[in-house]
1. Looking at Thr147, Thr136 in this structure, which one is in contact with a Pro (Cβ under 9 Å, 6 or more places away or on another chain) and either buried (at least 18 other Cβ atoms within 10 Å of the Cβ) or of a type in the set (D, E, K, R) (or both)?
2. Which of (1) free of Cβ contacts under 8 Å to residues at least 24 places away in the same chain; (2) buried (at least 16 other Cβ atoms within 10 Å of the Cβ); (3) not small (Gly, Ala, Ser) is the odd one out, the single condition Val57 does not satisfy?
3. Among the candidates Ser166, Ser197, Ser218, which residue alone is in contact with a strand residue (DSSP E or B) (Cβ under 8 Å, 6 or more places away or on another chain) and without any contact (Cβ under 8 Å) to a residue 40 or more places away in the chain?
4. Just give me the residues in region 211-248 being among the hydroxyl-bearing types (Ser, Thr, Tyr) and either at pLDDT 95 or above or in a loop (DSSP other than H, G, I, E, B) (or both), in sequence order.
5. Can you pull out the residues in region 1-43 that are open to solvent by less than 50 Å² (accessible area, probe 1.4 Å), of a type in the set (A, V, I, L, M) and farther than 19 Å from Arg64 by Cα?
6. How many of the residues in region 150-192 are surrounded by fewer than 15 Cβ atoms within 10 Å (Cβ to Cβ), in a loop (DSSP other than H, G, I, E, B) and not acidic (Asp, Glu)?
7. Going by the conditions given, is Trp101 at pLDDT below 95 and under 21 Å from Tyr163 (Cβ atoms)?
8. Looking at region 193-204, can you tell me whether even one residue there is within 30 Å of Glu238 (Cβ to Cβ) and exposed (fewer than 15 other Cβ atoms within 10 Å of the Cβ)?
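The values are calculated or read from the model by the stated rules, or taken from the named source; none is laboratory data. Bear in mind that the values here come from a model prediction, so they are computed numbers and not experimental data. Every residue, glycine as well, gets a Cβ built from its backbone with ideal geometry; the counts of neighbours run over all protein chains shown. All accessible areas refer to the heavy atoms of the entire protein, side chains included, with ligands and DNA or RNA removed. Shrake-Rupley method; radii C 1.70, N 1.55, O 1.52, S 1.80 Å.
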Amino acid sequence: MMYLMRTTGEDWKFQEEVDKRPKGYPGGIGEAIQQMDIWDSAIDALDQKGVVDPFKVGIIGFSRTGWQVEFDLVHSHIRYAAATATDNSQYSLSEYWLLPWSQADEERMFGGPPYGKTLENWQKYSISFNLDKVHTPLLMEEMGYGTRDDEQRLVPRNLAIRYEISNGLARLGKPVEMYFYPNEGHQPEHPKARLGSLQRNVDWYRFWLQGYEDGDPSKKNQYDRWRAFKKLHQQDIESEGNGLALRK
């Protein structure tokens, strides 16, 4: 299995990258397009060299790059075999309404609010309106910042925002798994939480990219769910009607 991570040189300047963002998109969408093009180009180059199977590529994003991952799942020409988005911004309707302090940033991203003349921008680029275009099994990992999900009528806000994505994908019959770490901050810090996250991602990508299942009896329920997900994924791909099928 090959791992690809973007790095920057000592002479890299953030503003120079900003200046190279593609023009002609509303608000700050050029940022997402630029990052998508970087990963698309990298995968295309590795495919042309014959060192990767383009049907067996996964993508992981944390925090802001998690939003870029979700954007790629909708807009990229790469058909990712599996994905992870961890405690990320989403630029979704739920985020807009449930996090009032984020509304200015959300409006900058889409060139305005999700109504009136700029509603079209949201419909085209926000994950909220494009869940039907996601055809990649998605693993979501969300942090609770010390707030537990133990009251039936009071869902932690950070978790409630994510339900828009996880429930939406599930209702569409698409494979999605969400894990909640109630006592962790922006990323898992407790050793058990960190190890759990790392192992879960290893299992997730080995399952979807290699067809491998860990024989640990404690993971039986996990693989029972994931095998059911695989059937959903096959049905999703077939119903898309583009002639693509899963590779075994």
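1. Numbers: Thr147 fails: either buried (at least 18 other Cβ atoms within 10 Å of the Cβ) or of a type in the set (D, E, K, R) (or both).
Checking each option against the conditions leaves just Thr136.
2. (1)
3. On the way: Ser197 fails: without any contact (Cβ under 8 Å) to a residue 40 or more places away in the chain; Ser218 fails: in contact with a strand residue (DSSP E or B) (Cβ under 8 Å, 6 or more places away or on another chain).
Answer to the selection: Ser166.
4. Taking region 211-248 as the starting set, the residues that turn out to be among the hydroxyl-bearing types (Ser, Thr, Tyr) are 212, 218, 223, 239.
Correct list: Tyr212, Ser218, Tyr223.
5. Ala42, Ile43
6. Of the residues in region 150-192, 10 are surrounded by fewer than 15 Cβ atoms within 10 Å (Cβ to Cβ), in a loop (DSSP other than H, G, I, E, B) and not acidic (Asp, Glu).
7. Values: at pLDDT below 95: yes; under 21 Å from Tyr163 (Cβ atoms): yes.
When the stated conditions are applied, Trp101 passes them.
8. Start the filter on region 193-204 by keeping residues that are within 30 Å of Glu238 (Cβ to Cβ), which leaves 200-204.
Filter once more, so that each one left must be exposed (fewer than 15 other Cβ atoms within 10 Å of the Cβ): 202.
Yes: region 193-204 contains one or more residues that are within 30 Å of Glu238 (Cβ to Cβ) and exposed (fewer than 15 other Cβ atoms within 10 Å of the Cβ).
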